[in-house]
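These notes are about the structure you will find just below.
The values are calculated or read from the model by the stated rules, or taken from the named source; none is laboratory data. Keep in mind it's a predicted model, so treat the numbers as computed, not measured. Here the Cβ positions follow ideal geometry from the backbone for every residue, glycine too, while neighbour counts run over all protein chains shown. The accessibility values were calculated without ligands, DNA or RNA, using every heavy atom of the protein model including side chains. Shrake-Rupley method; radii C 1.70, N 1.55, O 1.52, S 1.80 Å.
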Amino acid sequence: MASTLTIKDLHVAIEGKEILKGVNLEIKGGEIHAIMGPNGTGKSTLSSAIMGHPKYEVTQGSVTLDGKDVLEMEVDERARAGLFLAMQYPSEISGVTNADFLRSAINSRREEGEEISLMKFIRKMDSKMEYLEMDLNMAQRYLNEGFSGGEKKRNEILQMMMIEPKFAILDEIDSGLDIDALKVVSKGINEMRGEEFGCLIITHYQRLLNYITPDHVHVMMQGRVVKSGGPELAQRLEAEGYDWIKQELGIEDETVGQEA
Amino acid sequence: MSTETKLPFDKEYVNSFSKEMGEPAWMTELRVNALDQAESLPMPRPDKTNITKWNFTKFEKHIVASDDYASLNDLPEDVRNLVNLESADQNLYIQRNNRPAYISLSKEVMDKGGVFTDIFTAARDHGELLQKYYMKDGVKVDENKLTALHAALVNGGVFLYVPKNVEITEPIQAVFIHDDKETNLFNHVLVVAEDNSAVTYVENYVSTVDEAEGIFNIVTEVIANANAKVVYGAVDTLAIGTTVYVNRRGVAGRDARIEWALGLMNDGNTVSDNLTNLVGDGSYGDIKTVVVGRGKQTQNFTTTVVHFGKNSEGYILKHGVMKEAATSIFNGIGKIEHGASKSNAEQESRVLMLSEKARGDANPILLIDEDDVTAGHAASVGRVDPLQLYYLMSRGVSQQEAERLVIHGFLAPVVNALPIEGVKKQLTAVIERKVR
């Protein structure tokens, strides 16, 4: 049975300032959703709040995964419940190898005594790295340390493919990628497609959606989803920009008033 | 203020102890004179740590009786993991409190004319060689009260001598076991690498008693002559209640290299003074230190590199984790003497605090008396980065596991530098136990 991630009337504040002002969204297993919108409209805040970033405070509303209250869970519990966030700025962790970390992450989902065997793990990691055209030596490098922007993004996708979450949120996975890297990253995401996998892609460029066809496209402005549609909506945004939506909805400043 | 101290052992005792051990006259004399000096010399003054109330001089026993180990299988569990139980052809010295309890010398070392033996045997059988280096260019007897007291009362230790042009491929290992609560150890380690030689030495200080009030006054001297290379690894895990003064000193000749990898994991109060003198032109010193402090212990870690030679390079890297109510001072000193042109002094100290009550200070100091040099320092004291934890936890690992990963990663640069796999594993296990 496909899972459902439901976001209802979500309000989120950072340092006392409200950024999200009532977001509603439902994502089912098998669906790919894209959230688009100009800078400063709350897109990244949404992804951070769903995952449980320590700086973001949910002031109202709910997030549930198959009826279970996600907001009650610690960050690691959310991950084990099936959520995954490919971060815009992944942390660098010195002294912890990519491979060791991923094995810990996979084993955290398994019972004691049921850990993934080392051989099986290595085979899986090698094959996913090859699929993403990554240098196999990166398995033994420290987590994200000294990685280029593109390498970090690929590494986020690698983690997603290894962990196989129910829902992945990809926060600007395409920013800073050249066209070849973009194709590889898209290939990884498409490989995950299936009834057991739902995905929320956050981007402000349409070009990623040339490689990944979303089932639903949403536009965020002023901390809310202001328009939803199918893949044709993304194409229209690419061709015409956001002004027509602002006019249609009578919005003058689409941001939530963040500086810059 | 008078620094006179009534010492628990007198000249007659020292004299007769030395004779009983069959030591040559020069050593007896050195001991007796040192005892004289110990009475009046001042205590060492580690910067920013007050040790005036620490007991380094009052104790009951100079020697405790311990048995030999008939075989390596008789070793305590903690020690068995450190050593290779199977190999018959290895360089391994095991000391039990004051007693040389096991020694094995490889064919390689014997064939190449190397010496590796306990300090008493060295004094008896290699007296002249020992005299040439013992407390001469490294640590001097009269540096302070504790070095003098050490010289007077040495009751354990090891001598490693690598002749000219000899490279010893297998690491040399020493384990100093503390299994008697009444032990007080004045341990002397002397490593001499003659011109163009190379050796790796690794030592462990291991307490198998849970708590003891013993005094540990440890002096290490590493002499690396021209173009020699010495890699020196150490893991100290002395028990809570002990009071430790450990002075590890290196002297590097022309183009010589000394690399230290020190895991300072004592549970008692500790003063660790690690100084490397880069005497020769083109000499090189690399010092990596990791520390975990816990409980209520107070520790001072002073790491110094002094550049005398031109084109000398010194690198200090210290990482410390402080938890509970532990207090630690990390002093890093890079000193470039006048004339040591084109030298480079670099240091980095990082302290990670795991509790509100823990205290840690990193003090980088550069003292430069020469214009044509490069130098740099970095120091930080902080807490585990919440964003790192968030990132790791977002992949499903628990907060505890995430913290463990960050801490191990933080200490990894030094742990990975340890040259013996078993010792590396042991240090990892010790860290695991201490940070949990």
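Entry comment: accessible area of the protein assembly as shown is 41 Å² per residue, from protein heavy atoms only and a probe of 1.4 Å. Give the lysines reachable from B:Lys335 as a straight Cα distance under 20 Å; neighbours fewer than 8 places away on the same chain don't count. B:Lys335 reaches B:Lys48, B:Lys140, B:Lys288, B:Lys310, B:Lys318. The helix-based estimate of mean residue ellipticity at 222 nm for the protein assembly as shown, built from -39,500 (n - 2.57) per DSSP H run of four or more residues and divided by its residue count, is -8000 deg cm²/dmol to the nearest 500. Applying the Kirkwood pairwise sum to the alpha-carbon positions of segment B:11-279 produces a hydrodynamic radius of 18.6 angstrom.
A straight line joining the Cα centroids of segment A:139-207 and segment B:26-93 runs 56 Å.
Among the GluC sites (Glu not before Pro) in segment B:268-338, those located in a DSSP loop and surrounded by at most 15 other Cβ atoms within 10 Å of their own Cβ are B:Glu324. Close amide H pairs (under 5 Å, H built 1.01 Å from N) link A:Leu200 with A:His33, A:Ala168, A:Ile169, A:Leu170, residues at least 5 positions away or on another chain.
Placing a label point 7 Å from the Cα of A:Ile14 along the Cα-to-Cβ line, the residues of segment B:371-385 whose backbone N sits under 20 Å from it are B:385. Once you have the Kirkwood Rh of the protein assembly as shown from its Cα pairs, apply Stokes-Einstein at 37 °C and 0.692 mPa s and quote D in µm²/s. The estimated diffusion coefficient comes to 115 µm²/s.
Which percent of the Cα-Cα distances in segment B:128-277 go past 19 Å? For segment B:128-277, the fraction of Cα-Cα distances above 19 Å is 50 percent. Peptide B:343-351 shows a mean partner chain C-beta count of 0 within 10 Å per residue C-beta.
Sorted by mean Cβ packing within 10 Å, highest first, what order do the peptides B:430-436, B:268-274 take?
On the way: B:430-436: 16.4, B:268-274: 23.6.
Result, highest mean first: B:268-274, B:430-436.
Percentage of Cα-Cα pair distances in segment B:172-232 greater than 18 Å, rounded to whole percent?
45
Using a Gaussian network model of chain B in which every pair of alpha carbons under 10 angstrom is joined by a spring, one finds that among B:Ala261, B:Ala70, B:Ala123 the greatest mean-square fluctuation is at B:Ala70.
Expressed as a whole percent, the accessible area of segment B:11-279 that falls on carbon and sulfur atoms is 44 (1.4 Å probe). GNM on chain B, alpha-carbon springs under 10 angstrom: the most fluctuating residue among B:Pro100, B:Pro364, B:Pro42 is B:Pro42. Amide H to amide H distances under 5 Å link B:Thr304 with B:Asn274, B:Leu275, B:Thr276, B:Ile333, where only residues 5 or more positions off or on other chains count and H is placed in the peptide plane. Only alpha carbons enter this Debye calculation for segment A:1-132, each as an equal point scatterer, and the log10 of I(q)/I(0) it gives at q = 0.09, 0.15, 0.21 Å⁻¹ is -0.34, -0.89, -1.32.
Of B:Lys229, B:Lys288, B:Lys342, the residue with the greatest mean-square motion in the GNM of chain B, using alpha carbon springs below 10 Å, is B:Lys342.
The Cα center of segment B:165-191 and the Cα center of segment B:199-268 differ in position by 9 Å.
Distant-in-sequence amide contacts of A:Gly61, defined by a placed amide H-H separation under 5 Å and a gap of 5 or more residues or a different chain, comprise A:His11.
By the rule of a C-alpha distance below 17 Å, with chain neighbours fewer than 8 residues away ignored, the aspartates and glutamates paired with B:Lys58 are B:Glu4, B:Asp10, B:Asp36, B:Glu39, B:Glu182, B:Glu213.
Treating r as the C-beta distance of B:Ser40 and B:Asp369 and R0 as 25 Å, the FRET efficiency rounds to 0.20. Contact order for chain A, expressed relative to its length and based on alpha carbon pairs under 8 Å spaced 6+ residues apart, stands at 29 percent. Rounded to the nearest whole angstrom, the semi-axes of the ellipsoid equivalent to segment B:117-173, taken from the Cα gyration tensor as √(5λ), stand at 23, 13, 12, largest first.
What is the percent of Cα-Cα separations in segment B:384-436 that go past 16 Å? Here the tail beyond 16 Å accounts for 44 percent of pairs. Applying D = kT/(6 pi eta Rh) to chain A, where Rh is the Kirkwood radius over alpha-carbon pairs, T corresponds to 4 °C and eta to 1.567 mPa s, the Stokes-Einstein value obtained is 68 µm²/s.
For segment B:351-402, the set of GluC sites (Glu not before Pro) satisfying both a DSSP loop assignment and a count of at most 10 other C-beta atoms within 10 Å is given as B:Glu356. In sequence order, segment A:182-197 has phi-based couplings of 4, 5, 5, 4, 5, 4, x, 5, 4, 4, 7, 3, x, 4, 8, 10 Hz under the Karplus curve 6.51 cos²θ - 1.76 cosθ + 1.60, θ = phi - 60°, and Gly or Pro positions carry x. The Cα-based radius of gyration and maximum Cα-Cα distance (Dmax) for segment B:190-267 are 14.5, 44 Å.
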